[in-house]
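The values are calculated or read from the model by the stated rules, or taken from the named source; none is laboratory data. This is a predicted model, so every value here is computed, not measured. Cβ placement follows ideal geometry from the backbone for every residue including glycine, while neighbour counts extend to all protein chains displayed.
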Amino acid sequence: MGKVVILAFAEDEEDVCQRMLQIVRESPHFEGCNVLQVEKYLNFEGMKLNLAEKNVVIHGVEVMLTNREFEILYLLAQNSDRIFSKEQIYDIVWQEPYSGDYNIVTSHIRHIREKIEDNPSKPLYIQTVWGIGYRFNKNLSSSL
């Protein structure tokens, strides 16, 4: 059975990522291994996320998000088939365990919605799954 390895790098570490992918492609130990390219863009109905520039365009207009807001939105959009708890979002985006109040995640989600949604009280992109957490609307068509 094959194994899957997922590597994530900060924007300024892209050269490290590309070098590691090259090593894997050229290594006889990984013969027959499929190496996927790093996704730099995510496109949805009315929204385009650019990982390289960390920007979001909604209906043709660039929306200014903070780095944390972008990371949260990108995490959810990249994993639209998954529901994330506030704890999981915090652990992944802040890259540290947090033992306090996770309302900081709720606050960031609210700010993102205010910036990207036509009607933040009826969000299209980021959906609340009551009692569990948040997910990106999996019914939006996407393309790379």
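Of everything listed in (1) touching a helix residue (DSSP H, G or I) at 6+ places or on another chain (Cβ under 9 Å); (2) modelled with pLDDT of 90 or more; (3) not basic (Lys, Arg), the single unmet condition for GLY60 is (1). Within the stretch 118-144, the residues that satisfy the criterion of being at pLDDT below 90 and over 14 Å from the mean Cα position of the chain (by Cα) are ASN139, LEU140, SER141, SER143.
Residue check: is GLU62 without any contact (Cβ under 8 Å) to a residue 24 or more places away in the chain and surrounded by fewer than 18 Cβ atoms within 10 Å (Cβ to Cβ)? It is true that GLU62 is without any contact (Cβ under 8 Å) to a residue 24 or more places away in the chain and surrounded by fewer than 18 Cβ atoms within 10 Å (Cβ to Cβ). Within the stretch 68-92, residues that are in the same structural domain as ILE104 (by TED's automatic domain parsing) reach partners that are charged (D, E, K, R) and part of a helix (DSSP H, G or I) with beta carbons closer than 9 Å, at six or more positions or on different chains, in the pairs GLU69/LYS115; ILE92/GLU71.
Cβ separations smaller than 7 Å between residues 6+ apart or across chains give the following pairs from the stretch 114-139 residues that are over 14 Å from LEU73 (Cα atoms) to residues that are polar (S, T, N, Q) and not in a strand (DSSP E or B): ILE132/SER85.
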